[in-house]
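K.L.:
Got a structure for you, questions after.
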């Protein structure tokens, strides 16, 4: 058993209901808030339950309405919007204490792990995980309990604030307990690295995600996931961060883009 | 008056209802289907009506469930999911003949047109509109009535199939009737160019959008909009297309990303 599977597990509230009960575990916290990718994986897990014929998230967009609550129960209400042969489109609302926290709109389908892509984005050169640096469990005084769940190794040239000379963060990630990555886990792993803007500006404050879209493109093979996240566009305190994930065979497995705010100095 | 404003106009069904009635005009067709960006602009117009204090779409995601119907009435049902000081989060469903066609999830807020960005993406070099080539109103036998509404000029090196040597399409766009671009129009203009993949593979068939996310970043100044669209990732018949729009002063005004299917040979 894996902590990720255990701690995203849901119970259907009734055989014919599209509502699922779960629990938000504090082990995935960033400071005192649950990681947004973890909450998205819980919602994604509920959506997948509803359409077992379409187990892979092809395109998932989440808007974070309010912070999640660690160590509290949650409910995920799912609605099938359109069911087709090759994909299902669904929405989901993650609710805690009777208040919506996440709103998700997604298409699920079936991805391969063997078909060669016609066009793809090559994985960047990266020192081996052993040559990379473990992400610090204390960032600007904020504790990162999530690092007991996932092992993040950052590119040695990009770790120090401003060292990359650009808004880029890259490195390796895997579950500490050896669980292999899958397409559901990509929703978490697309939001597990430090904000790319730290690479340019240093740890300027809290960078809460307003909206995140993940396109999963392929089922990953077992092993480390390589991630690269970059920000080219920062204006009026809002930034766009582009990300990509590759599996240990060098295949592009997901692309992500998020809109986030910079709350300078604050958390 | 502008055709875009006329043909995205909605009537609120009751003073306290969040439902709006409109009409899908055939002037925005690609072949016999309404352009997806036009339908998104209708839905966005309804969302904006509900939150007049937040007139600018910051992040808009649409899933296309079924093709729209030209020359038919439509209804847009809007739900406010979260109202904050700096943004409102909403969902909308565009319905025709009692069947949902588009599902939209969006955050609206207030954008500036003057604040200098901290990081931005420079506009690519582009010949003047007069040196570019008018997008043909007949693509692989498909009529493009939308070209009577918007004036699209393509980079002369990228027009012929495969000529760019990469999956890229770029050029200029504006309304034929002189209406200046605004942040709502960016939703249309982010989906008005030919598929970027035509630049590499030729006109391979129909490329329907499954999902489109537009991040509007700034209010455009009047004049031409420069657009660039690229595909780096095509696998199992599904592609990711990245786009960006700049205003006539060279400011980045929007980024877009869509997941589309290639139906080779088909329409």
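K.L.:
Compute the FRET efficiency between residue A:97 and residue B:95 as 1/(1 + (r/R0)^6), taking r as their Cβ-Cβ distance and R0 = 41 Å, and round to the nearest 0.05.
P.N.:
Rounded to the nearest 0.05, the efficiency is 0.80.
K.L.:
Can I ask one more? Between segment A:64-100 and segment B:202-267, what is the separation of their alpha carbon centroids in Å?
P.N.:
28
K.L.:
Shifting gears a bit: Going 7 Å from the Cα of residue B:49 in the Cα-to-Cβ direction, what parts of segment B:76-111 have a backbone nitrogen less than 13 Å from that spot?
P.N.:
Within reach of a label on residue B:49: B:76-79, B:93-95.
K.L.:
Using the beta-carbon distance between residue B:136 and residue B:6 and R0 = 25 Å, what value does 1/(1 + (r/R0)^6) give for FRET efficiency, to the nearest 0.05?
P.N.:
0.45
K.L.:
Put a dot 7 Å past each Cα toward the Cβ at residue B:14 and residue B:143; how far apart are the dots in nm?
P.N.:
The answer from the label model is 4.1 nm.
K.L.:
Sequence gap at least 6, Cα distance under 8 Å: using those rules, report the relative contact order of chain B to the nearest whole percent.
P.N.:
Relative contact order of chain B: 18 percent.
K.L.:
Relative to a virtual label point 7 Å from the Cα of residue A:72 in the Cα→beta-carbon direction, which members of segment A:83-125 show backbone nitrogen distances below 17 Å?
P.N.:
Under 17 Å, as judged by backbone N against the label point of residue A:72, lie A:93-103 of segment A:83-125.
K.L.:
Considering just Cα atoms, how many Å³ per residue does the convex hull of segment A:82-235 enclose?
P.N.:
170
K.L.:
Also: If each label sits 7 angstrom from Cα along the C-beta direction, how far apart, in nm, is residue B:202 from its counterparts in the other copies?
P.N.:
5.7
K.L.:
Compute the acute angle (0 to 90°) between the alpha-carbon long axis of helix B:36-50 and the principal axis of greatest extent of the alpha-carbon atoms of chain B; round to the nearest 10°.
P.N.:
The angle comes out near 30 degrees.
K.L.:
Scaled to the compact-protein estimate 2.2 N^0.38 Å, what is the alpha-carbon radius of gyration of segment A:180-267, rounded to two decimal places?
P.N.:
Here the answer is 1.13, to two decimals.
K.L.:
Still on this model: Taking the Cβ-Cβ separation of residue A:122 and residue A:221 as r and a Förster radius of 22 Å, what is the calculated FRET efficiency to the nearest 0.05?
P.N.:
0.85
K.L.:
Which order do B:99, A:120 fall in if you start with the one that has the fewest other Cβ atoms within 10 Å?
P.N.:
B:99, A:120
K.L.:
At residue B:16, with labels set 7 Å past Cα in the Cβ direction, how many nm apart are the copies from this one, shortest first?
P.N.:
Shortest to longest, the spacings are 3.3 nm.
K.L.:
Counting helices only, and only those DSSP H runs with n ≥ 4, report the 222 nm mean residue ellipticity of the protein assembly as shown as the sum of -39,500 (n - 2.57) divided by its residues, in deg cm²/dmol to the nearest 500.
P.N.:
About -2500 deg cm²/dmol.
K.L.:
If you don't mind, another one. Which semi-axes, in whole Å and largest first, does the equivalent ellipsoid of chain A have when worked out from the alpha carbon gyration tensor as the square roots of 5 times its eigenvalues?
P.N.:
Value: 28, 22, 17 Å, ordered largest first.
K.L.:
On a full-extension model of 0.36 nm per residue, what is the gain between residue B:157 and residue B:114, subtracting their alpha-carbon distance, rounded to one decimal in nm?
P.N.:
Gain on stretching residue B:157 to residue B:114: 12.2 nm.
K.L.:
Cα atoms only, the protein assembly as shown: Rg and Dmax in Å?
P.N.:
When restricted to Cα atoms, the protein assembly as shown yields Rg and Dmax of 22.2, 64 Å.
K.L.:
Along Cα-to-Cβ, 7 Å out, sits the label point; list in nm, shortest first, how far the one on residue A:148 is from those in the other copies.
P.N.:
Result, one decimal in nm: 6.7.
Since every read-out is calculated from the coordinates, none of them should be taken as a lab result. Quick caveat: nothing in here was measured; it's all calculated off a predicted structure. We place every Cβ from the backbone using ideal geometry, glycine too, and count neighbours over all the protein chains shown.
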